[in-house]
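Every number in this text was worked out from the coordinates using simple rules, so none of it is lab data. What you are looking at is a predicted structure, and each value in this text was computed from that prediction instead of being measured. Because the Cβ atoms are built from the backbone with ideal geometry, glycine has one as well, and the counts that use them run over all protein chains shown.
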Amino acid sequence: MKLCNRSNLRVTSFALLLAMFSACSGTTTETAGSTTAVQTNGETITIYSGRNETLMSALFTQFSNETGVKLEVRYGDSGELAALLLTEGDKSPADIFFAQDAGALGAVESAGLLSPLPSDVTDAVDAKFRSKNGKWVATSGRARVLIYNPDLVASPPTSLDDLLDPKFEKKIGYAPSNASWQSFVTALRLTRGEAGARAWLTGLAANKPIAYEKNGAVRDAVNSGEISLGLINHYYLYELISKIGADKVVAKNHFFKDQDAGSLVNIAGVGVLASSKKTEAALSMVRYLLSVAGQSYFAGKTFEYPMTPGVIQFVSLPSLMELNSPPIDLADLKTIEETQELLERVGLLTK
Amino acid sequence: MSRVLRAPVAIVAPAMLAGVVALLPLIYLMDASLSQGFGAAVREIIDARTTILLIRTILLTLIVTTLCVMVGTINAWLVVRSSLPFRPVLLILLAMPLAIPSYLSAFAWVSWIPTMKGFFGASIVLTLASYPYVMLPVAAMLRSADPMLEDIARSLGVGAYSAILQVTLKQVAPAIWAGSLLVALYVVSDFGAVATMRLETFTWVIYGAYRAGFNPTRAATLALMLVALALLLILLEKRLRTRVSQRIGSGTARSTVRRAPLTVVAPASIIAITSLGFGIGVPLISSIRWARNGTATTDWSEVFGTIISSFWIGLLTGTATVLLALPVGILLARFKGPLANITEGSVFVTHSLPGVVVALSVVYLGINLVRPLYQQLPLLIFGQVIIFLPLVVGAVRTSIEQSRIALEDVSRSLGVSRMATIFRVTIPLAVPGIAAGGALAVLGAMKELPTTLILRPTSVETLATSIWKHSVVSDFGAVGPYAVALMFLAALPTALLSHVAVAKSVK
């Protein structure tokens, strides 16, 4: 609650969010109950979750309590779980794949392991943030931002190319081993082509950016004034605000909003395995993640973008549509391996 | 010991079974590698990038193995042959890097000196993590080697350094080669250190092919190349390994402890102090610092629960591995011949495979053949047995080779059957080696991350998986308690291992 008192985020919005959270969760249960209560109640479904236990376990418990569907959750790295699913093939014990990024979902989809989702599920999410074949949907969005320290940079650079200005030499932080950085570079390849991406990365490398182990460390370095700019995801700033209070946070997020890779909105998303024999119960989970209760959880706990309209998000964030994310098929983010090769060639991998 | 004996079926059958078990991952690898046709696999092999990877991996293996031979041999010599005080404790401490997972020590280094990422950092971390593989067998052999040869050399006017290099080193050469093979196979298969140091080696790319490339064909093809590389290393070691030199005098050899000149002890001590400070000091201090600076509140019941499950999984893996390794060790030590060579090769060849490959092989076999056991404890243990079998086989074999075959002959001459002799004489004599091998497997299982993550029963957490879980979210404070707990828990088998493996030498 410290978050609301101290932060510049409006207290009312958060309270409203909580109110809707509790009010609507009842409704969700009713809808799910009215159609599938007989088959799904007391059933156990297995989730392969690429999203971390510390962030997700409360949501999963909430789902089980409200729907009576029990969950077996197998946590892992999204990519590793995708590899596991590819190895298991149609004998997989998993009913649901809940992944941290679109690439992993895309890989499992193209192996033919996901079943099509009903239209009420796919229609709930903007076409940009779901599979073209209707086999997975985003459950929350994570926007790339340029985090900056206003004490050091009065007005942040307005495009990715401005970052190549020599005045930012050794002033830019990034997390080279992080999956979201690699997704960003993948988006760069998809929007600018191989040569264009390579040119930008070479320019960045010439500016000697500072490598950090994690996005959180980049954020902390910007906030403390160690560096001026950082290429990370939007929610790290809000994590810090909720942890130490808004008055201690100097750093600000800048959204490029220019359809370039810097405006990429990557997703966490979910799909139902074609081999699942408990499709109804699995779908009740998918619907729950997209319900107001599920969406509010992401907005409030992980500070991510909700994917369905009607869920209140923090007012200091530009809306999802305003972000102007690049017009790419998110499933194409699965070409991370090529990205790593490129990063190695320009010397940005081993830093 | 060149008597040719026909091995009893009761030894041959289980030993061959062990060989088959160890080779099981190859079934999956062949299938995955050829799933897109022979051409795709060949293209992967002749790819220019693969060549660069191969060169880089071989270079890293060469450098780390050389460094380990130097550090491991010097430390072993210091512990066995010098007159330093507290040598038994020193030996156990020097073996402690075995208790620290490479991903933890690499991370400790990187958070201390971020600029050491890359080839340099990976070489340092891997050397510190694996020199005990050379140190322990060399220390054991130094103990059993007759110091008289060195004395004779000295009496003939050879200097202290030259005597060690020309005489003692030759005596322990077999142990050095055996240790080097383990180090080399370890370097080739390790992922934790190269990932943290971000050095693109085979394992890095294999993991990448799975996790980022979603390309099992590529991963499997590269893994098969690792198997080929391992085969090469095994054959090389076999050629280089010479026969154990026997004592020259009769009677009991005199104590190996001697007053070595300071000019030798002093530089050796510096090496030992450096390996202690860098090998265990850096990771331990980092973990304690994470634990203390952590803002996250630690759930101690979870820490305790994971200690218990790590302990049990370690113990089960250790026991199962020893049972499977025993017949192989006996076969290799006592019934040398083509059959023994083939079994040895099969057991060691998959030791070069990274954990994720072995785990996915077990997934592939488990889900298709023994579905009810899938994601159950037995399959996790099975996967870990495949990984640690060679370590235990090595320990058992050495131990049996070193015990006196004459005692077995006496037993046979008294009318005891071959199998009864094995159970009543051979195995009891080799107990220290068997225990040391078991401890190696226990230790490995406690540290092993990818296999545990993929094969564990859903919702089972070990210390290693908890470290992983907490390190993924931003706060490292939460990792601290688990990291410290893992190091202390793994220190127990490490202490046992170093003690029994070289027990006599430090008494």
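See the values below:
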| item | result |
| --- | --- |
| Reciprocal of mean inverse Cα separation for the stretch B:278-364 (Kirkwood radius, Å) | 17.3 Å |
| Stokes-Einstein translational diffusion, chain A - Kirkwood Rh over all Cα pairs, 1.306 mPa s, 10 °C, in µm²/s | 76 µm²/s |
| Partners for residue A:132 among lysines (Cα-Cα distance below 21 Å; same-chain residues under 8 apart left out) | A:334 |
| Within straight-line cross-link reach of residue A:170, lysines at Cα separation under 22 Å, skipping those fewer than 8 residues along the same chain | A:208, A:214, A:252, A:351, B:117 |
| Sparse-neighbour loop sites [trypsin sites (Lys or Arg not before Pro); the stretch B:374-420; at most 13 other C-beta within 10 Å; DSSP] | B:404 |
| Helix A:235-244 vs. chain A, principal-axis angle (Cα, 0 to 90°, nearest 10) | 90 degrees |
| Kirkwood Rh, angstrom, the stretch B:13-75 [1 / mean 1/r, Cα pairs] | 15.1 Å |
| 10 Å binning of all Cα-Cα separations within the stretch B:43-198, expressed as whole percents from 0 upward | 11, 33, 30, 18, 7, 1, 0 |
| Mean projected area (nm²) of the alpha-carbon convex hull when the stretch B:334-481 is viewed from all directions | 11.8 nm² |
| Proximal lysines to residue A:70, defined as alpha-carbon separation beneath 27 angstrom and excluding residues fewer than eight positions away on the same chain | A:91, A:135, A:277, A:278, A:301, B:469 |
| Separation between Cα centres of the stretch B:194-212 and the stretch B:300-336, rounded to whole Å | 28 Å |
| Neighbouring partner chain Cβ atoms per residue of A:73-83, average, 10 Å criterion | 6 |
| Relative frequency of Cα-Cα separations exceeding 16 Å in the stretch A:245-351, percent | 73 percent |
| Beta bridges by DSSP in the protein assembly as shown, antiparallel share as percent, to the nearest 5 | 65 percent |
| Among B:46-55, A:290-299, the order from most to least packed when residues are scored by Cβ within 10 Å on average | A:290-299, B:46-55 |
| Per principal axis, descending, Cα span of the stretch A:58-211 in whole Å | 57, 34, 29 |
| Computed [θ] at 222 nm, helices only, for the protein assembly as shown once each DSSP H run of length n ≥ 4 contributes -39500 (n - 2.57) | -19500 deg cm²/dmol |
| Degrees, to the nearest 10: A:78-88 long Cα axis against longest axis of chain A | 40 degrees |
| Cα convex hull volume per residue for chain B (Å³) | 156 Å³ |
| Tail weight of P(r) past 14 Å, computed on alpha-carbon pairs of the stretch B:46-97, percent | 65 percent |
| Relative packing of A:156-163, B:134-141, which averages over residues the other C-beta atoms within 10 Å, highest first | B:134-141, A:156-163 |
| Rg/Rh (Cα only; Kirkwood hydrodynamic radius) as it applies to the protein assembly as shown | 1.01 |
